[in-house]
Amino acid sequence: MTTIKQDEQHIIETMNRDIELAKQIRKLSKSALLELSVYLNDFFAQNSENGEIDGLVLGYIPTKQQIRNIGDLISEFDDEDVPHYSEMQTLVDMLKETYRNNNGAYLQAVIGLVLMKLLRDVTDLQGRTAGEEEKSEVKYLFGGGGQFENKMTQHEAIKLPPKNTRNIDNGNGTLESINYYNTVDVINHIHKRVTDTIKQDATQQEFTAMIGSMAIKQAVVSKEDVAHTHAKRVISQDVTGDFERLGADYMRAYRTASAEWDSALKYAIAKQLKIKTAIIINEMLPCNFCLTRINREMDVEIAVSYVPQHPSCRCEVRLVDGNGDVFDDVDPE
């Protein structure tokens, strides 16, 4: 049986993994914002006179330099980079076909390709993190001292949940597709803000301020969000900048999909070991929405349908044996 020390260490590892993933996503987002800023400022410099840009330039044909810019961005996508899901491939192909039409389409392509690169890099990062998380969870449950040690090998357990279980909204969307649609929303929002600013015959100062409003603020740490005696740092929900909001969306989607995977794992274990009952626990300070279901015995099928109950949910299903004992309960020693 797992000891309290092992259980607390597992919780800390989970929180630290979230924190590190959030930091890396923020780093990627800042890099993407910097790259986009360079392209947008270059566009203003090429198309303005006396520190002011005329809204009519949106209908002009892109310059040779702008066409080279798109070529540079496209060159960073090869067949392996363009994703396994068709939506991103379709968008990249569309941007490659339309960017020569006018400057409005050129700006859409620049913004879209920069953000698609960000999406690609975040997807790769989340995939690596998910792999680490899955191995850690299986080791925790089936390794030395784990709750299910000797009931199943770690090698058998890691194969239990099907690969499509990293879904969100009860299976209505994969992590990749949710990330994609969140990214497209931000692409469209940024494009509208950029073109609206240009249509108003913006000055250099106004254009720079518009770019600055996309910036990323430092995430806020809540002192009240505590798991046991360990501070739990979270991504702030107070998001304003486009890139900050997108980073928070990426993190929220990952945590939701992570909970989906963990529930799928517990359901697969229950089915394999013929366990019928489960409870829901939360050792990271449950929200009021989930509190009513904590520590109540229910059918395994019902329990896994409740977790996750909302985005970023960190509740967990724990299985109950035939004697009414919780498999994942910890030994105080």
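Across segment 148-157, rounded Karplus estimates of 3J(HN,Hα) from the backbone phi angles (6.51 cos²θ - 1.76 cosθ + 1.60, θ = phi - 60°) give 10, 4, 6, 9, 6, 7, 4, 4, 5, 5 Hz, Gly and Pro being marked x. Computed over segment 12-121, the range of Cα coordinates on each principal axis works out to 56, 33, 18 Å, biggest value leading.
Protection proxy ranking for 187-197, 50-60, using the average of other Cβ atoms within 10 Å per residue and placing the highest first: 187-197, 50-60.
Among residues other than T90 whose Cβ falls under 13 Å from its Cβ, what is the net charge (Lys/Arg +1, Asp/Glu -1)?
Working: positive: K96; negative: E87, D93, E97.
With Lys, Arg at +1 and Asp, Glu at -1, the neighbours total -2.
Amide H contacts for V320 (H built 1.01 Å from N in the peptide plane; partners 5 or more residues away or on another chain; cut-off under 5 Å): T277, A278, I279, F327. The Cβ shell under 10 Å around V304 holds other residues with a net charge of -3, Lys and Arg each +1, Asp and Glu each -1.
Just list whichever of K5/K135; K159/K266; K30/K64; K135/K266; K159/K274 have alpha carbons separated by over 23 Å in the model shown. Too far apart for the 23 Å limit: K30/K64.
Just to confirm a number: summing +1 for Lys and Arg and -1 for Asp and Glu over residues other than V57 whose beta-carbon lies under 12 angstrom from that of V57, what do you get? Can you show the working numbers first?
Numbers: positive: K199; negative: E49, E52, D54, D201.
Local charge sum for V57: -3.
Values quoted throughout were computed directly from the atomic coordinates according to the rules given, and no laboratory measurement underlies them. These figures come from a predicted structure and were not determined experimentally. For neighbour counting, all protein chains shown are included, and Cβ atoms are generated from backbone atoms with ideal geometry for every residue, glycine included.
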